[in-house]
Amino acid sequence: MDVIRIKLGMVGAVAGTLALAACGQKPPVHPPGPPEVGVITVAPQAVATTTELPGRTNAFLVAQVRARVDGIVLHRGFTEGDDVKEGQRLYKIDPAPYIAALNSAKASLAKASANAMAADALDQRDKPLAAANAISKQEYDNAMAAAGQAEADIAAAKAAVDTAQINVNYTDVISPISGRVGISQVTPGAYVQTSQATLMATIQQLDPMYVDVTQSSLDGLRLRREFEEGKLDAAGPNAAAVSLVLEDGRVYPLQGKLQFSDVTVDQTTGSVTIRALFPNPNHVLLPGMFVRARIQEGVRQGAYVVPQIGIAHDQKGGATALVIGPDNKVVLRQVVTSSTSGANWIVEGGLNPGDRVIVQGTEKVRPGTVVKAVAAR
């Protein structure tokens, strides 16, 4: 019986609506409520400020292996792209002419030694004779000079032997550092020349790796001024830590450390080079890669952190934020931003403690619009 009454009531309601429509009257329309927006409530806090700077990777050590003697390359002792050790032989240059020169130098040394013995013996024999006036003083002086000349000849012959031995050693082209060797610039059978300083191969040490980034001198002056004025505090013992963003947008898993800042400003770009050192055990970083380094500058006291989506810029480039007033109306507020911290803007002026900044639904409202504020998700 109750079910029949409910159905009859529904039929009556529908019939009433149709009757109103037939008479040209529309059913009442309820006005929509205020749009809903997501907000954050801001409060001053200490914020670590970071800067992101472009840079390039450079090998920790680079050695260009060049020919130090002339000759034919007999064979190569490495595989291109492999890691080599310091002192490992990379190439062998034909040593035959240098061995012959070494043997000749040794023979000259032996001859000089024999001449020195004869000259010394003559000097020793003439010494008592000169004392007894049995020979002239001139004759004795000549004997002494001959002995001294013989000793000088020995010294020159020894130097020639050393030089010849060095040239023989240079026929073994060894690696001056440990690292990864690149493409071989010569093949067995090639003729290399020391006068041309023939480049044979390049070796680079990839662990650790340098990262050279550039910062404008203007930003450097701004940082120093803010430290002096007390706007920035020192970031603590880990202030020199640097993180790295790779070319594909991934964050490099290992942190680096700042090494130094160059003392010269590039006159063409107005920038200063800053060098950081990163561990690179897996050789993820390769020389010449483009990267972005995130460097912590300091700690800014009493700043406001607002997600980047909550900050817009007007036609003049000024930063603005949409804030909800006490009457739930949207107010356009001019703000002052200094830098970023992750995905957030650091706001230094234009906001007050407890302000509700719209970060979701900004496209649905305009200044003066009454809104319903909910906590941003």
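The values are calculated or read from the model by the stated rules, or taken from the named source; none is laboratory data. Model, not experiment: these values are computed from the prediction. No Cβ is skipped: glycine too gets one built from the backbone with ideal geometry, and neighbour counts run over all protein chains shown.
Only strands (runs of 3 or more DSSP E) whose full extent lies in region 43-125 are considered here, and the ones with at least 2 residues that are assigned by TED's automatic domain parsing to the domain that holds residue 355 and either modelled with pLDDT under 95 or among the hydroxyl-bearing types (Ser, Thr, Tyr) (or both) are 45-66.
Yes or no, residue by residue, for (1) among the hydrophobic types (A, V, I, L, M, F, W, C); (2) part of a strand (DSSP E or B); (3) not assigned by TED's automatic domain parsing to the domain that holds residue 293:
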position: 330; (1), (2), (3): yes, yes, no
position: 335; (1), (2), (3): yes, yes, no
position: 338; (1), (2), (3): no, yes, no
position: 346; (1), (2), (3): yes, yes, no
position: 354; (1), (2), (3): no, no, no
position: 358; (1), (2), (3): yes, yes, no
position: 366; (1), (2), (3): no, no, no
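Scanning region 93-108 for residues that are closer than 8 Å to residue 164 by Cβ and buried (at least 17 other Cβ atoms within 10 Å of the Cβ) returns 98, 101, 102, 105.
When you look at residue 300, is it basic (Lys, Arg) and touching a Lys or Arg at 6+ places or on another chain (Cβ under 9 Å), yes or no? Against the criterion (basic (Lys, Arg) and touching a Lys or Arg at 6+ places or on another chain (Cβ under 9 Å)), residue 300 qualifies. Of all residues in region 368-377, those satisfying the criterion of being in contact with a Gly (Cβ under 9 Å, 6 or more places away or on another chain) and outside any strand (DSSP E or B) are 371, 376, 377.
In region 270-291, the count of residues that are under 16 Å from residue 340 (Cα atoms) and at pLDDT below 90 is zero.
Here's the yes/no breakdown for (1) over 28 Å from residue 258 (Cα atoms); (2) under 17 Å from the mean Cα position of the chain (by Cα); (3) surrounded by 19 or more Cβ atoms within 10 Å (Cβ to Cβ):
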{"residue": "276", "(1), (2), (3)": "no, yes, yes"}
{"residue": "281", "(1), (2), (3)": "no, yes, no"}
{"residue": "288", "(1), (2), (3)": "no, yes, no"}
{"residue": "296", "(1), (2), (3)": "no, yes, yes"}
{"residue": "300", "(1), (2), (3)": "no, no, yes"}
{"residue": "306", "(1), (2), (3)": "yes, no, yes"}
{"residue": "309", "(1), (2), (3)": "yes, no, no"}
{"residue": "315", "(1), (2), (3)": "yes, no, no"}
{"residue": "320", "(1), (2), (3)": "yes, no, no"}
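Is at least one residue of region 333-355 in contact with a helix residue (DSSP H, G or I) (Cβ under 8 Å, 6 or more places away or on another chain), more than 29 Å from residue 54 (Cβ to Cβ) and touching a residue at least 60 places away in the same chain (Cβ under 8 Å)? The answer is no, given that none of the residues of region 333-355 is in contact with a helix residue (DSSP H, G or I) (Cβ under 8 Å, 6 or more places away or on another chain), more than 29 Å from residue 54 (Cβ to Cβ) and touching a residue at least 60 places away in the same chain (Cβ under 8 Å).
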